[in-house]
Amino acid sequence: MKVTDINSRVNPQFQVKHQRSIYKSLEDKHTTIEDVDIDDPLNAKMILNMGPQHPATHGVLRLVLQLRGETIEKTKLDIGYLHRGVEKIAENKTYQEFMPYTDRMDYLSPYSNNVALCLAVEKIASVEVPDRAQYIRMIGCELARISSHLLWLGTMVMDAGAISFFIWTFREREKIYDIMDQIAGHRFTVSHSRIGGVANDLTSEASAIIKEFITKFPQELKDWHGLLDRNRIFIDRNENVGVLETDKALDIGATGPVLRASGFAVDQRIITPYSKYDEVEFEVPTRLEGDNLARYFVRMEEMKESIRIIQQCLDKMPKGPIRSNNAKHAYPSKDEVYYSMEGMIHDFMMTDTGICPPAGAECYHAVESPKGELGYYIQSDGTGHPWRIKINTPSFRNLQVLENILDGEMVADTVVVIGGVDPVMGEADK
Amino acid sequence: MSLELNDTLQTLVDGLTETFSDKLIEVYQSSGDTFVRVEADSILEISKYLKEKQHFVFLCDVFGNDRYTSDERFEVVYNLMNLRTQTRVFIKVRVEEENPTLESVSSVWKAAGWNEREVYDMFGVRFENHPDLRRIFMPEDFEYFPMRKEFPLLGIPGSIELPNTTPDTE
């Protein structure tokens with residue numbers, strides 16, 4: 001039987017057309033007119049379905065691999081198992097109501113997502129944000145970056161075979177959850193950033209535990225570097241695996257650490273400095289190799305830079321208000337709502353109508369989320385609901401990279417490469 | 001409205017005006033972002049020109065937009081970046097409601113592949129010469145284009161049953 005005629009051998013039971021078309025598409029990828037039966041007398045080719053419920057695919061990612069022995073000949077990805085249509089939901093909500101949905105996009109770094117939406121809405125509606133709120137947002141974003149990279153580190157090293165490492169990174173992640181609990185009142189889906197500022201100020205307890213975290217965390221990083229940097233098993237598993245060449249990286253649309261590991265210092269914090277990123281000093285780590293090991297070094301360095309940024313933010317943070325004082329732009333504080341009639345009316349208006357950008361205005365704002373460039377395009381029709389929100393998510397673009405770099409790898413490296421690209425399906429599937 | 005263009009964008013607009021004078025429809029700015037609208041039939045040539053002559057090598061995103069108007073209903077926006085000067089520009093084209101088709105730019109930027117699949121999946125705009133134009137989020141069996149404005153939030157034929165809206169008692 002010919003391996004190329006996959007459709008005759010499988011008998012899908014659900015979403016039949018969909019299943020058939022993905023096998024057909026796998027068949028068609030770099031089409032050749034070879035006769036497989038003669039070429040493959042031992043019948044070493046097979047089609048391997050990986051996912052969507054595979055524990056190492058980091059969510060509901062499905063890979064359809066065509067193998068020849070242990071080598072992957074070609075790959076197709078099937079995504080959309082977590083598609084909830086958040087862009088459609090956004091069109092039927094006010095901007096502030098949509099905020100909790102952004103938490104659930106990239107659920108490993110909710111804070112960055114909140115800030116990305118806020119910044120885009122603030123850009124289109126020309127909302128001024130007080131300095132203190134901007135610094136608080138930066139601290140939140142960088143903590144989210146560390147938290148996201150910690151999960152990547154733990155699971156990627158676990159994919160490469162070291163289980164106990166996962167527990168150590170999760171111990172540190174737990175500390176970040178505690179910090180988020182102190183900052184925002186929630187551990188996981190924080191929704192702390194608000195249009196026009198943030199929900200509440202940093203308490204002294206929160207500042208204290210952030211300070212404690214940033215003094216202790218560099219030592220942990222150092223220990224992990226000591227364990228992994230020259231670890232032969234780790235390097236053998238990661239070096240020259242999943243290589244994305246520098247000249248292909250831009251064309252295929254890589255972003256974030258994947259792009260930086262291939263040699264391009266593209267970072268939205270430098271290109272379009274939002275918040276106060278132009279007032280802090282930090283480096284954008286890059287590597288030239290483009291393999292999984294390079295991505296490891298880039299992310300490890302980024303965590304170090306994040307600590308530096310948080311340190312500078314804590315030093316530079318001025319005292320002052322944490323939300324815009326303009327009642328048309330932001331929610332009034334709870335004190336005003338409870339003790340003044342006007343505050344209550346404003347609160348009601350914000351909830352009912354929300355913020356209304358000018359009719360016909362369009363804007364795009366991108367932030368550097370832990371996974372890469374996270375951009376919000378908003379088109380307004382003058383009402384409190386956006387006419388169109390398009391979310392440009394980094395995981396979606398990096399998964400497209402994954403589909404291309406897996407060809408020619410060993411099947412055992414698949415999970416390591418997925419780990420190195422670090423996709424979050426909540427974000428890729430929207 | 002006067003435009004505030006930096007050097008890269010000025011070169012871009014001048015270059016487009018010179019080379020594609022009959023294809024350029026309008027250039028406008030909104031909230032600090034620059035949008036260039038061109039004729040839909042020339043998108044492939046303009047993409048090649050932008051990549052090769054103007055160094056817009058990085059395609060960040062391609063997305064659709066339903067304008068919900070009787071003529072030229074759908075809009076497809078290309079989000080491009082010039083990494084040399086770190087400038088962003090948005091190229092827009094509009095297509096008709098009936099059988100919307102566009103030339104695929106995935107031969108210029110490979111990154112467009114999945115993005116165009118998303119536009120097709122959500123709006124039903126077909127891309128010619130696309131290497132693999134399938135739906136990306138929804139299954140192939142799905143018959144609708146969910147981001148079109150007339151698509152309801154609830155009550156899709158063939159979908160799960162809606163909750164009962166009348167009280168059980170009575």
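Taking the Cα atoms of segment B:7-97, what is the range of coordinates along each of the three principal axes, in descending order and whole Å?
That gives 39, 26, 21 Å along the principal axes, largest extent first.
When the dipole is taken about the Cα centre of chain A, and only Lys, Arg (+1) and Asp, Glu (-1) are charged at their Cβ, what size is it in debye, to the nearest 20?
660 debye
Per Stokes-Einstein, at 20 °C and 1.002 mPa s, what whole-number D in µm² s⁻¹ belongs to segment A:212-325, with the Kirkwood radius over Cα pairs as the hydrodynamic radius?
The diffusion coefficient I find is 134 µm²/s.
At a 10 Å Cβ-Cβ cut-off, how would you order B:78, B:120, fewest neighbours first?
B:120, B:78
Let me know the Kirkwood hydrodynamic radius for segment A:86-326, please, with Cα pairs as the basis and the value in Å to one decimal.
Value: 18.9 Å, from the Cα pair sum.
How many percent of DSSP beta bridges within the protein assembly as shown run antiparallel, rounded to 5?
90 percent
Pick from A:290, A:420, A:59: which is most flexible by mean-square fluctuation in a GNM of chain A where alpha carbon atoms under 10 Å apart are linked?
For chain A, modelled as a Gaussian network with Cα springs under 10 Å, the answer is A:59.
If each of residue B:71 and residue B:141 carries a label point 7 Å out from its Cα toward its Cβ, how far apart are those two points in nm?
Modelled inter-label distance: 4.2 nm.
How high is the FRET efficiency from residue B:4 to residue A:211, r the C-beta distance, R0 35 Å, rounded to 0.05?
Rounded to the nearest 0.05, the efficiency is 0.25.
Tell me the label-point distance for the pair residue B:19, residue B:53, using the 7 Å Cα-to-Cβ offset, in nm and rounded to one decimal.
It works out to 0.4 nm between the two label points.
Quick one: order A:309, A:235 by neighbouring beta-carbon count within 10 Å, fewest to most.
Ranked by crowding around the Cβ, least crowded first: A:235, A:309.
In whole angstrom, how far apart do the alpha carbon centroids of segment A:165-181 and segment A:127-143 sit?
Comparing the Cα centres of segment A:165-181 and segment A:127-143, I get a distance of 22 Å.
Full-extension gain between residue A:235 and residue A:126, please, as 0.36 nm times their residue separation minus the C-alpha to C-alpha distance.
Full extension of this stretch gives 34.3 nm more.
Pop the C-beta distance of residue B:153 and residue A:7 into the FRET formula with R0 = 35 Å and round what comes out to the nearest 0.05.
0.50
Most exposed first by the Cβ proxy, i.e. fewest other Cβ within 10 Å, how do A:93, A:334 rank?
So the ranking, lowest neighbour count to highest, is A:334, A:93.
Once you place label points 7 Å from the Cα toward the Cβ at residue B:97 and residue A:104, how far apart are they in nm?
About 3.2 nm, to one decimal.
Once the mean 1/r over all distinct Cα pairs of the protein assembly as shown is inverted, what Kirkwood radius in angstroms do you read off?
25.4 Å
None of the figures in this text is laboratory data; all of them are computed from the coordinates on show. None of these values were measured; they are calculated from a predicted model. Cβ atoms come from the backbone with ideal geometry, glycine included; neighbour counts cover every protein chain shown.
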